[in-house]
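Throughout, read-outs are computed from the coordinates displayed, never taken from laboratory work. Just so we're clear, the structure is a prediction, and the values are computed from it rather than from any experiment. Positions of Cβ are backbone-derived with ideal geometry, glycine not excepted, and every protein chain shown enters the neighbour counts.
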Amino acid sequence: MLNEALDSLFDEIPSEVDLFDRGISRGETPRLWIDGVAHVAMGRDKRIYRFLQDTRYGRKVLAETVNIPEMVDAVTKYLAQRMIERERALADGTMPVIRDLKYEARFERRRRRRRAFKAFLFGLLAGFVTLIAAALIFGPKS
C-alpha cells in the first residue's frame, strides 16, 4: 500500500535524476527500498512503518509511524533533501577528486615529519630557556 502511495511522488522526479532506485525486497521483514541506503521496513507486528537510513555510523531511524500519509511525507522530505544536495553538488562544480594513494601517503608522512620537527624545536627552545633561567637563579652570586 505504501509503494502505491509513493507512485505519484516518484512520477514527479525528473528522468535525469538517477539517485533513487525504488524496489521491494521480500523476506521475513519486507523492505521498500528508496535508494541504496534508505528503506522502509515493516515492524514485527506488520502495522508500523519504519523509515531507516544506513550510515557509516550505523542505522538511523528517519521516521516511524502507523499512518501511510505520514510515511509518504517523511519519504517526500528525504527525496527533496537528496535532490537539493545533488543540485548543490552540481552547481558547485567541484566533484570529489580521487587522488593517487602514493601521493596521499607521501603527503601524510611529510606532515608527520614537520609536526615532529616542530615539537623537537619547541622542546629544544624550552630546554634552553629553562637552562638559562636556572643559571640566572642558581648561578654564582657576586
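Here are a few things to note about the model shown:
- Spatially close lysines, pair count over the chain: Cα under 28 Å, gap of eight or more or interchain: 4
- Neighbourhood net charge (12 Å Cβ-Cβ; Lys/Arg +1, Asp/Glu -1) for A74: -1
- With Cα atoms, 0 to 90° folded angle of helix 68-92 axis to the chain main axis: 50 degrees
- Test item: Cα-centred dipole of the chain, Lys/Arg +1 and Asp/Glu -1 on Cβ, debye: 1820 debye
- Computed FRET value (nearest 0.05) for E85 with F122, which takes r as the C-beta separation and R₀ as 30 Å: 0.10
- Only one item in (i) 0.94; (ii) 1.41; (iii) 1.02 matches Rg/Rh (Cα atoms, Kirkwood Rh) derived from the coordinates shown, and that item is (ii).
- Cα long-axis angle, helix 101-138 against the chain (0 to 90 degrees, to the nearest 10): 40 degrees
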